[in-house]
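Beneath this line is the structure, given in structure tokens, with notes to follow.
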Amino acid sequence: MSFQAYLDNAEAQTGLTPRQFIALAREQGFAEGAKAGPVIAWLKEAHGLGHGHAAALAHVITKGPKIGAKHVGKAGPHGDASDTLWLDGAASNPAAAG
């Protein structure tokens, strides 16, 4: 599953976009640069997410929307088309149109 797909699936499960999760995390005191472990634990406990989905969201909460080039442009289920994740909801993602 691509990084973006983890975010999109977390949105489908919770009804919250990644950007909304970032805002909620800030309200909980999790700032950019926070340790991922406590953020993951909060996402799992408060929102019922599995570890993979929580970890993907923790990345954007603690590090922002940029991802490493390891899977960018790669074919297959783990490939992402861009090094920047879309945070404003799957339905509004222009890369998903088409």
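What to note about this one:
- Restricting segment 74-98 to residues that are closer than 14 Å to Met1 by Cα and surrounded by fewer than 16 Cβ atoms within 10 Å (Cβ to Cβ), the residue that is modelled with the highest pLDDT is Ala81.
- In the set Gly29, Gly48, only one residue is loosely packed, with under 13 Cβ neighbours inside 10 Å and either touching a strand residue (DSSP E or B) at 6+ places or on another chain (Cβ under 7 Å) or in contact (Cβ under 8 Å) with a residue 12 or more places away in the chain (or both); that residue is Gly48.
- In this structure, Leu24 qualifies as assigned to a helix (DSSP H, G or I), surrounded by 14 or more Cβ atoms within 10 Å (Cβ to Cβ) and touching a His at 6+ places or on another chain (Cβ under 9 Å).
- Cβ-Cβ under 7 Å pairs, at least 6 apart or on other chains, segment 1-21 side β-branched (Val, Ile, Thr), far side part of a helix (DSSP H, G or I): Thr14/His47; Thr17/Glu11
- Residues in segment 1-21 that are at pLDDT below 95 and not in a helix (DSSP H, G or I): Met1, Ser2.
- Total residues in segment 65-98 satisfying the condition of being in contact with a strand residue (DSSP E or B) (Cβ under 9 Å, 6 or more places away or on another chain) and part of a loop (DSSP other than H, G, I, E, B): the figure is 10.
The values are calculated or read from the model by the stated rules, or taken from the named source; none is laboratory data. Just so it is clear, the structure is predicted and the values come from calculations on it, not from any experiment. Quick reminder, even Gly has a Cβ in these numbers, built from the backbone with ideal geometry, and neighbours come from all protein chains shown.
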